[in-house]
Amino acid sequence: MSKVNQENMERSAANENAASNAPETPAKQKKGAVVVRWINYVIGLAFVIVAMYSLTQPSMQMVGIVGLVVTAISVALATCLAVAAIGKTAWLNGLQVLLTVVYAILFVTAGAVLSDLNGLIFLILAVVVALVIAIGLVRIYADRAYASDLVRYILELIVALVLAVVLVLEKLDDNKYQIFALVAAAVTILQLILVAAQIKASSKKEVAEAREATEKEVTSGFTVEEYAVAYPYEGGPVAGVEMAQEVNPTYTPGKVQPVATAGYDFYNCKSFDPFIATLDNEERNQFTELFILKYKGVMPEIPDYEVGGDNREFFRKVFIYLGQYRDRIPNGLLTKMYNFSVKLS
């Protein structure tokens with residue numbers, strides 16, 4: 001074997017070793033996490049079905065308890081995996097699945113006696129409960145789509161109430177089975193309350209995200225201007241500089257001077273306003289109709305504009321709620337409003 005061939009073989013072996021020792025790529029890690037999720041899902045679903053069946057058989061009570069323990073472990077593992085995937089929302093999703101498992105235990109405990117009396121009805125109800133749990137185990141990893149949860153929990157409530165009614169009609173000597181069914185219904189009501197809270201929190205989050213996106217969309221088209229504020233010099237004479245005297249003084253100490261601006265009428269309003277003074281005639285009319293006379297409708301979230309007053313809060317609220325009223329404000333007027341609000345901040 002030549003020296004060159006030997007070097008090539010050594011190089012090839014080194015590359016293979018490096019490839020085998022290299023860390024897993026994000027794609028491989030994600031694929032592995034999905035495989036773990038599905039394995040855990042199959043285990044959890046299988047054991048909860050086994051537990052539900054075993055609890056209806058007096059000779060298999062221990063098998064049912066073991067099945068419930070394994071199911072609880074599976075739900076806990078799924079919740080931890082979901083937290084890593086979607087964040088804190090997964091904790092409440094996991095709690096909902098555990099409540100569904102509790103509901104299933106109460107259901108089969110109450111329906112155990114019904115399996116002998118009316119096996120077909122119990123079988124149908126049991127299939128519905130198993131389906132609800134199967135969907136719940138998948139939903140742990142979902143961040144939204146709470147409407148489907150709402151439908152499932154309403155279905156759970158209907159099943160529990162149907163079971164309670166059937167047990168009452170059977171006129172059993174022991175009322176504990178009806179109580180178990182009613183407690184299962186109470187668990188479902190708790191789930192409905194939790195999902196309502198999730199829907200409310202999700203709606204607030206969507207509104208906040210939409211508002212933030214709207215503000216970014218508006219501000220991205222503007223350029224922030226740098227400006228300097230002039231202050232009167234109150235010191236003494238400066239060496240080498242002579243102050244010129246005004247021929248026609250515009251200010252006399254102790255005497256209030258009226259401010260006059262050409263073409264500044266604003267529907268007979270005499271107050272000077274630094275923002276309105278930046279607008280042309282068309283923009284002044286647009287601004288007056290929108291925010292002073294409110295011809296195009298009231299904007300309850302935005303405070304009234306005070307001509308000549310301090311309107312910082314007005315400009316701030318305009319851009320907070322811009323998504324609701326953007327279609328009313330012309331582009332030119334909006335640009336000047338934004339530029340002026342930047343100077344106020």
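If you check every pair at least six apart or on different chains, which have Cβ atoms under 9 Å apart with a residue in the stretch 153-175 that is touching a residue at least 12 places away in the same chain (Cβ under 8 Å) and among the acidic types (Asp, Glu) first and a residue that is part of a loop (DSSP other than H, G, I, E, B) and open to solvent by less than 80 Å² (accessible area, probe 1.4 Å) second?
Correct list of pairs: Glu170/Asn118.
Residue check: is Val70 in contact (Cβ under 8 Å) with a residue 40 or more places away in the chain and either assigned to a helix (DSSP H, G or I) or of a type in the set (A, V, I, L, M, F, W, C) (or both)?
Criteria not met by Val70.
Which one of these does Glu306 not meet: (1) under 30 Å from the mean Cα position of the chain (by Cα); (2) surrounded by 12 or more Cβ atoms within 10 Å (Cβ to Cβ)?
(1)
Which residues, taken from the stretch 152-188, are β-branched (Val, Ile, Thr), open to solvent by 60 Å² or more (accessible area, probe 1.4 Å) and under 30 Å from Ala201 (Cβ atoms)?
Within the stretch 152-188, Ile154, Ile158, Val183 qualify.
Being in contact with a helix residue (DSSP H, G or I) (Cβ under 8 Å, 6 or more places away or on another chain) and at pLDDT below 85 is true for just one of Gly240, Gly254, Gly297. Which residue is that?
Details: Gly240 fails: in contact with a helix residue (DSSP H, G or I) (Cβ under 8 Å, 6 or more places away or on another chain); Gly254 fails: in contact with a helix residue (DSSP H, G or I) (Cβ under 8 Å, 6 or more places away or on another chain).
None of the other options fit; the residue is Gly297.
Could you list, ordered by first residue, the pairs with Cβ atoms under 8 Å in which the first is in the stretch 87-99 and closer than 11 Å to Asp149 by Cβ and the second is open to solvent by 10 Å² or more (accessible area, probe 1.4 Å) and of a type in the set (D, E, K, R), at least 6 apart or interchain?
Asn93/Arg139; Gln96/Arg139; Val97/Arg139
Is it the case that Gly67 is at pLDDT 85 or above, over 30 Å from the mean Cα position of the chain (by Cα) and more than 20 Å from Val183 (Cα to Cα)?
Against the criterion (at pLDDT 85 or above, over 30 Å from the mean Cα position of the chain (by Cα) and more than 20 Å from Val183 (Cα to Cα)), Gly67 qualifies.
In this structure, is Asp273 open to solvent by 60 Å² or more (accessible area, probe 1.4 Å) and of a type outside the set (Phe, Trp, Tyr)? Reasoning before the result, please.
Details: open to solvent by 60 Å² or more (accessible area, probe 1.4 Å): no; of a type outside the set (Phe, Trp, Tyr): yes.
The answer is no for Asp273.
Among the candidates Asp149, Asp143, which residue alone is under 28 Å from the mean Cα position of the chain (by Cα), part of a helix (DSSP H, G or I), closer than 28 Å to Lys200 by Cβ and of a type in the set (Asp, Glu)?
Testing whether each residue is under 28 Å from the mean Cα position of the chain (by Cα), part of a helix (DSSP H, G or I), closer than 28 Å to Lys200 by Cβ and of a type in the set (Asp, Glu) leaves just Asp149.
The values are calculated or read from the model by the stated rules, or taken from the named source; none is laboratory data. These numbers come from a predicted model, not from an experiment. A quick note on method: Cβ atoms are made from the backbone with ideal geometry, for glycine too, and the neighbour counts reach across all protein chains shown. Side chains are part of the model used for accessible areas, which takes the heavy atoms of the whole protein and leaves out ligands, DNA and RNA. Shrake-Rupley method; radii C 1.70, N 1.55, O 1.52, S 1.80 Å.
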